Amino acid sequence: KPQIDQIAVCDNGEGMDKETVEKCLAFGASLSDNAHIKNRKRMGAFGVGLPQASQSQCKRFEVFSWQNKTTYHNYFDYECEKFLQAYDDNTFLDVKEKELPNEISNLMEYYNEDHGTVILWSNCDEVKPKGAQYLQPHCEKLLGRIYRYKIEDGSCNISFTIARKNEDGTIVKQGNSI
């Protein structure tokens, strides 16, 4: 039975600037200290969702976010000495300009080269259920519930793409939903 090696969560939103990409992996980071008070319905109010969800499911996750065709990259990796040292020192790694891998952008249903974000999970040893055929319906239900108003008014498009890697390393799209 095929196992999940990577999960890419992609959106065609406005993307993040360099400072936001740097902070997005830190617990409690927010664009504004009072963001949750100003707009209680705002998602991302407390700065725990992305790092907590990602750390609970995989040993490495990366953020690629772009605006005006400039892509910034940051990562979290339990198995990287450079990362672990920065983590121990309570510092951030430098955010670098790095292009989104073509194998990911080619799979995105709503890819926009001007702006967007991809969260890429690797070494997904904690993801349950392990098979993509079981994970897809679970994610469809959850994402549909969370983003129902944005999907309904047309301000958000979500796609869930299943792909598999062939023995030669090429990636083959298996299907889309949502």
Table column - 3J(HN,Hα) (Hz), the range 74-84, Karplus curve with 6.51, -1.76, 1.60, x for Gly and Pro: 9, 8, 10, 8, 5, 9, 10, 4, 4, 5, 4
Rolling a 1.4 angstrom probe over the protein chains, ignoring ligands and nucleic acids, what is the accessible area of S122 in square angstrom, nearest 10? 10 Å²
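Using the structure shown, select from K98/K150; K98/K165; K23/K69 the pairs with a Cα to Cα distance greater than 27 angstrom.
K98/K150
Among residues other than K59 whose Cβ falls under 9 Å from its Cβ, what is the net charge (Lys/Arg +1, Asp/Glu -1)? Don't skip to the answer; put the middle values down first.
Values: positive: R60; negative: D77, E79, D125, E126.
Overall, the nearby charge balance is -3.
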Using label points projected 7 Å from each Cα along Cα→Cβ, tell me how many nm separate A26 and R148, to one decimal. 3.6 nm
Tell me, in nm to one decimal, what length is gained between D17 and A53 on full extension, where the rule is 0.36 nm per residue of separation less the Cα-Cα distance? 10.8 nm
What FRET efficiency comes out for the pair D168/D114, r = Cβ-Cβ distance, R0 = 25 Å, nearest 0.05? 0.20
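The values are calculated or read from the model by the stated rules, or taken from the named source; none is laboratory data. Everything numeric in this text was worked out from a predicted model, so none of it was measured. Because the Cβ atoms are built from the backbone with ideal geometry, glycine has one as well, and the counts that use them run over all protein chains shown. Remember, those area values only see protein heavy atoms, side chains included, never the ligands or the DNA or RNA. Shrake-Rupley method; radii C 1.70, N 1.55, O 1.52, S 1.80 Å.
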